[in-house]
Amino acid sequence: MKFIIDNWMLISIAVASGALLLWPVLQGATLAGIAPTAAIQLINREKAVVVDVSEATEFAQGHIVGSKNIPLGELEAKLAQAVKNKTLPLVLVCQTGARSGRAVAMAKKLGYEQAQSLAGGLKAWKAANLPVEKA
């Protein structure tokens, strides 16, 4: 106990630096999503539907081959028309993964229980050297 009292400053610095080292790991845990390789497996094995929630101009600049474009603002109104089978896996994509994360919550609210976001978005897809097409 005397050690703790005498060295409280060193102990607090050690705890603070440990927390700062752990911060990126905790941030990564909140950015849920699937990796591009896992998305490919869903697409090939389970016939997952890929929905790009980027704006039309972003979609035209490049998107995953075979994906459907429904901008985030129109997702609740148009998703049921674009993807009729709610039991199929749904992979939601945007440029960085931020909008698709919000889109997952919307899709699950609409009954798409297997909705997932592509972690890192189209940027991660391109970094993995996976095919992209332009409109």
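The values are calculated or read from the model by the stated rules, or taken from the named source; none is laboratory data. These numbers were taken from a predicted model, which means no experiment stands behind them. Note that each Cβ is placed from the backbone with ideal geometry, even for glycine, and that neighbours are counted across all protein chains shown.
Scanning for something surrounded by 10 or more Cβ atoms within 10 Å (Cβ to Cβ), outside the structural domain of residue 123 (by TED's automatic domain parsing), outside any helix (DSSP H, G or I) and modelled with pLDDT under 95, does segment 5-18 turn up at least one residue?
Within segment 5-18 (the criterion being surrounded by 10 or more Cβ atoms within 10 Å (Cβ to Cβ), outside the structural domain of residue 123 (by TED's automatic domain parsing), outside any helix (DSSP H, G or I) and modelled with pLDDT under 95), the answer is yes, since at least one residue qualifies.
May I ask you to list pairs of residues, at least six apart or on different chains, whose Cβ atoms are under 7 Å apart, with the first in segment 39-63 being free of Cβ contacts under 8 Å to residues at least 24 places away in the same chain and the second being assigned to a strand (DSSP E or B)?
56/69
Given the conditions (1) within 19 Å of residue 119 (Cα to Cα); (2) free of Cβ contacts under 8 Å to residues at least 12 places away in the same chain, report the number of the one that residue 13 does not fulfil.
(1)
Working carefully through the options 33, 62, 28, find the one that is surrounded by 10 or more Cβ atoms within 10 Å (Cβ to Cβ) and either at pLDDT 90 or above or in contact with a Pro (Cβ under 9 Å, 6 or more places away or on another chain) (or both).
It is 62.
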